[in-house]
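The values are calculated or read from the model by the stated rules, or taken from the named source; none is laboratory data. Just so you know, these numbers come straight off a predicted model, no measurement behind them. Quick reminder, even Gly has a Cβ in these numbers, built from the backbone with ideal geometry, and neighbours come from all protein chains shown.
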């Protein structure tokens, strides 16, 4: 998979549909907590493309647990995901969905985007940064920044997503500010 081309296509579609959501494969995080989490993921992966889910213990995540979500892809073509873990800070925004499918827990209008992002991370085999406006449960005043990373199952197949997601009050209300934020992503990964 050409991850950069897939990211460009995803971002172009989001811009055309005015979804206020985009992917940054450069991982240009400014908050050090994301860099620390990414470092943990990379240390667990070692020389492999990704670590196995079984190699990341709750004690490894103790500093992040409130902001962690984990989902498992349980079917492909079409993909279907099931929530395995939802941290308390995420549940405050999204609701408590552990054990539910994305279809059971997400509004129909954003479901395809979430599945497409999950597939991009698993099929691309690398962590990605996502930024967007929250469109859930009356929390539309929030922005979300997430690091989604793939995890392998016990047979080595990319099957799990682990995400560190943090919410902040919306900083940009108008479209021009949003487009300026997108334009600030390096390496021309946004095709608008």
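Worth pointing out:
- Filter pass, residue 44 being crowded, with 17+ Cβ neighbours inside 10 Å and more than 28 Å from residue 95 (Cβ to Cβ): yes
- Residue that is surrounded by the most Cβ atoms within 10 Å (Cβ to Cβ), among those in region 130-153 that are modelled with pLDDT of 95 or more and under 16 Å from residue 165 (Cβ atoms): 150
- In the set (1) in contact (Cβ under 8 Å) with a residue 40 or more places away in the chain; (2) over 22 Å from residue 35 (Cβ atoms); (3) outside any strand (DSSP E or B), the condition left unmet by residue 71 is number (3).
- Every residue from region 11-43 that is at pLDDT below 90 and part of a helix (DSSP H, G or I): 11, 12, 13, 14, 15, 16
- Flag for residue 5 being closer than 20 Å to residue 129 by Cα, free of Cβ contacts under 8 Å to residues at least 60 places away in the same chain and exposed (fewer than 13 other Cβ atoms within 10 Å of the Cβ): yes
- Within region 121-140, residues that are at positive phi reach partners that are buried (at least 17 other Cβ atoms within 10 Å of the Cβ) and at pLDDT 95 or above with beta carbons closer than 8 Å, at six or more positions or on different chains, in the pairs 125/50; 125/150; 125/158.
- Within region 93-113, the residues that satisfy the criterion of being free of Cβ contacts under 8 Å to residues at least 24 places away in the same chain and in a helix (DSSP H, G or I) are 103, 104, 105, 111, 112.
- Test for residue 50: is it under 16 Å from residue 161 (Cα atoms), in contact (Cβ under 8 Å) with a residue 60 or more places away in the chain and assigned to a loop (DSSP other than H, G, I, E, B): yes
- Every residue from region 17-41 that is surrounded by fewer than 12 Cβ atoms within 10 Å (Cβ to Cβ) and touching a residue at least 24 places away in the same chain (Cβ under 8 Å): 18
- Just one of the numbered conditions (1) surrounded by fewer than 18 Cβ atoms within 10 Å (Cβ to Cβ); (2) in contact with a helix residue (DSSP H, G or I) (Cβ under 6 Å, 6 or more places away or on another chain); (3) outside any helix (DSSP H, G or I) is not true of residue 66: (3).
- When residue 106 is tested against (1) surrounded by fewer than 18 Cβ atoms within 10 Å (Cβ to Cβ); (2) under 29 Å from residue 4 (Cβ atoms); (3) over 14 Å from the mean Cα position of the chain (by Cα), only condition (1) is not met.
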